[in-house]
Amino acid sequence: MKDITVQRAAKVKKEKNKVKRGQLSRRKAITGLIFVSPWIIGAILFLIYPLVTSFWYALNNIRITPIGKNFNFVGTGNFTQILLSDPEFIPHIVDYLVSTLISVPVINVFALMIAMMLNQRIKFKGPFRLIFFLPVIIVSGPVMGMLSAEGAVSVSALNAQAISGAISNFLPYYLAEPISDIFTNMIMILWYSGVQILIFLSGLQKIDKSMYEAAKIDGGSQWECFWKITLPNIKSLILLNCVYTVVYISGNESNAIIVLIQRAMFSGTKEKGYGYASAMAWVYSLVVVLIVLLFAGLIMGRKDVYERQAKKVRKQMKKDRRTARKIERRNARNARKFKKAEKKGKFTSYEDFE
Amino acid sequence: MKISNKGSLRNMNKDKFRKLMLGSKDKEGILKMTLIYLLLISIGFIYIYPILHMVSTSFMTLDDLLDSSINWIPSSLNLSNYMQAAKSMDFWKSFLQSVIIAGLPTLCNMFSCALIGYGLARFEFPFKKVILAIIIFSFILPDQITMIPTYVLYSNIGILGTIWGFILPAILGMGINAQIYILIFYYFFQQIPNALIEAAQVDGVGYFQSFLRVSIPSSVPAFITVGLFSFVWYWNNSYLTQMYVTGVLQESGWTTLVVQLKNFSSNYSEYAVTANTTITSLNESINMSGTVLSILPLLVLYLVFQKYFVESVDRSGITGE
């Protein structure tokens, strides 16, 4: 009697412990989803829903009445109005486009230069990093506005006026204007490169020193080392920095467009309002994404020396394989021929065949 | 060429001199190092020039401003500018509210982003790659595109003009720059050795418990980095703060130092009207004092936690891949 109960209990226990295959990984997947679930809710609530809604807004003219919002479907009306008849939007977008396309490379080249200087065996590395990172902490729209209103963002010693005068003599207006802007707002450009300097610096420190030594033994100059070792190694960081710079510039409050969008949103005029501002935001976002894609294409599309060499080697290997196959096939063919001839009894040895 | 004409002894010296100046294979030359130091120092000076200008101007009296012989050093340590700027900005109230507006979402950010980063780093589940791709893409997307519906949503559920407008997205991992924090935690939690967590699980600890007891204590630097950056970026953001919390016309009771600075001139004239005493009209010095006051807390924070700020990039693992 007792035996049976023990046996039964053991049986029950056995069944309980029997785990289906894949159950652990499924449980793990569910736990992972629980961990990520705040993000999923957030993405629906604060990313996907607003995206869809703002697209719907962009197709409407919205008037706010005491009863509620009054939607009036206008189709692409908002977009055509922005692109064709808004006196402010297009000039601002063009300004933004030109200044971004110029200042992103300038900021990144500058950051790379500073990072390479800091990467040398110099003293006071810490204090220098501290100074170069300081602007990241304190820079904000109003602070920047205050400083530029007081003329503190252009160093008088640089004599920006003379430089911009000289530039405008050589270049057409649409190019000269943004370039001289760079010189007058030199400090802003410098101030925006704090994070990039640190990213480049930590990337440079991770490059294997033995690579440079090997290059030196082979007689490579520092210039060659820079192009053939440093740049290919930090290529992904250049992309990262460019994207970061674009995002930073486009979200920054000294950017006139986002102020324009905010003003359009709260404007009481008949044609502006939420719908108009949403359409503006869509056009603006499209421009930003396109700029990011452009930089990504420019940087990742360019193959460096190693990639070119690797491609060459791969091509050569493919060719070799093909010839090897060819030779194999020919051998097989010859062997068949030989066998046939042997069957017919024409000759008995390989030498004869030759 | 020239060296060959001179005597052999001088030739040697000249060679040595050249080596010293231009450097050899294994030692940098003095010339190059001086050039680097000069460049770094001059660029460093340009970096802090606006701050020096700001601080020195903020101490000047009106006479100092007008006196062309005084360029950098004010004639006396004059604190009246600061007093007036602080009064017109309502400094203590704005300061406390700034701390709350930047601090609470930061705490939420730290918690939620750690949770999400942990989930992404340590578990395999379908659509993980998609989620990571969306996180990166949403970083590129400007805030403006989601701003208007969010504004409408907030006004519908009645949290516009309250701190909830910042806390709610932060809890759900959608705060300002939350994508960066999620990726920082993602990288950090990937570094924790699997054996550590498995050991905890063998001891009978659940997934969530092992996250709390094992993973969080071993990633304190990540928490500090994320906390500091989140605080600084919330503090400095006046665009979205005005939009969601303080209101564009400051109609809600909330305000922050940066928003006060944005409306500094109107605030100052308002203050000048209410204060009956004869006070000087708004000038450069008072503007600069206001600016200094608004960034002073961040400067203190930076100097105290400089190590965490400067090493943040190394810790974040951006360069690790």
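The numbers here are math on the coordinates, done by the rules we state, and not lab data. Computed from a prediction, not measured in an experiment: that's the story for all the values here. Positions of Cβ are generated from backbone atoms using ideal geometry, with glycine treated the same way; all protein chains shown enter the neighbour counts.
The figures follow:
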{"read-out": "Sorted by Cβ neighbour density within 10 Å, fewest at the top, the residues B:Leu132, A:Leu198", "value": "B:Leu132, A:Leu198"}
{"read-out": "Number of Lys pairs (Cα under 13 Å; 8 or more positions apart or on different chains) in chain B", "value": "5"}
{"read-out": "5 angstrom amide H check on A:Asn61, placed H, neighbours 5+ away", "value": "A:Asn72, A:Phe73, A:Val74"}
{"read-out": "B:Asp63-B:Leu39 pseudo-label distance in nm [points 7 Å out on the Cα-to-Cβ vector]", "value": "4.7 nm"}
{"read-out": "Whole-angstrom gap from segment B:155-204 to segment B:56-129, using each part's C-alpha centre", "value": "24 Å"}
{"read-out": "Least to most buried among A:Cys225, A:Cys242 (fewest other Cβ within 10 Å first)", "value": "A:Cys225, A:Cys242"}
{"read-out": "Pairs of alpha carbons in the protein assembly as shown whose separation is greater than 34 Å (percent)", "value": "58 percent"}
{"read-out": "Counted charge near A:Asn72, where neighbours are those whose Cβ lies closer than 12 Å (Asp, Glu -1; Lys, Arg +1)", "value": "+2"}
{"read-out": "Percentage relative contact order, chain A, counting C-alpha pairs under 8 Å, at least six apart", "value": "22 percent"}
{"read-out": "Rule-of-thumb Rg ratio for segment A:169-313 [Cα; 2.2 N^0.38 Å; N residues]", "value": "1.46"}
{"read-out": "Fewest-first sequence of B:Phe305, B:Phe166, B:Phe137 by Cβ atoms within 10 Å of each Cβ", "value": "B:Phe137, B:Phe305, B:Phe166"}
{"read-out": "Vicinal HN-Hα couplings computed from phi for segment B:147-156 (Karplus, 6.51 cos²θ - 1.76 cosθ + 1.60; Hz; Gly/Pro x)", "value": "5, 5, x, 5, 4, 5, 4, 4, 5, 5"}
{"read-out": "Helical segments meeting 20 Å axial Cα length and Kyte-Doolittle 0.5 threshold in chain A (DSSP H)", "value": "A:23-43, A:89-118, A:125-138, A:235-251, A:274-301"}
{"read-out": "For the protein assembly as shown, size of Cβ-based charge dipole, Lys and Arg +1, Asp and Glu -1, in debye", "value": "5840 debye"}
{"read-out": "Counted charge near A:Tyr276, where neighbours are those whose Cβ lies closer than 15 Å (Asp, Glu -1; Lys, Arg +1)", "value": "+2"}
{"read-out": "Dimensionless Rg ratio for chain B, taking C-alpha atoms and the 2.2 N^0.38 Å reference", "value": "1.39"}
